[in-house]
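What follows is a short report on a single structure.
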Amino acid sequence: MVDIIRFRDDAATDQQPVGLAELTGGSNATAVRLESNEDARALLPYLAQLTLIEVAFPTFRDGRGYSAARILREAGYLGELRAEGDVLVDQMLSMRRCGFDSFVAQAPVDRATLDATLNRYPNVYQPAADAAVPVWKLRHG
C-alpha cells in the first residue's frame, strides 16, 4: 500500500490519475498525472474538472515540479496537488510553499522528522503560493 501524506481536510480521490495526453484527448477524468517534462500550462483549461493533479519527481534534483505547482496554484487550482516520486523530507517545506498539499515518497517518511522539518522556522523570507507573510513585510508593512 502506498503511504500518502496529505495536508487537506477533504476526502482523497480514489480515481487513478490519467496521463496528460489522455486528459487532453477528451477524457472526463478528474485526476491527472503530470510528468516532469510536461508543461503544467496544458492543464489550465481543465482545472475546474480536476480534483487531483499528481506531479512526478523522477529524481530529487529535478525541480521542474516546483514550477508546475506554482503555475497551477497561481492559476487558481484549489484541488489536491500531489508530489510523487523521489520526494525527500527536507524538500517538503519548499514543496508545501509552492502549493503541494500531498506527497507520495518512494522512501518511507518518518512523521516526527517531517513534523519537525515543517515547523522548524516560524518565518519565511519570500512570498510563495502559500499564505505565509514574509518576515520583511511583517517588519515594514
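Since every read-out is calculated from the coordinates, none of them should be taken as a lab result. Predicted model only: the values in this text are computed from it and were never measured. Please note: Cβ atoms are built from the backbone with ideal geometry, for glycine as well, and neighbour counts cover all protein chains shown.
If you average the C-alpha positions of the range 40-55 and of the range 101-141 separately, how far apart do those two centres end up, in angstrom? Here the answer is 24 Å between Cα centres.
Between R41 and E22, the contour length at 0.36 nm per residue exceeds the alpha carbon distance by 5.3 nm. Counting only alpha carbon atoms, the long axis of helix 64-74 and the longest principal axis of the chain meet at about 90°.
With both residues required to sit in the chain, DSSP beta bridges show an antiparallel share near 10%.
Ordering 9-16, 92-99 by mean Cβ neighbour count within 10 Å, with the highest value first, yields 92-99, 9-16.
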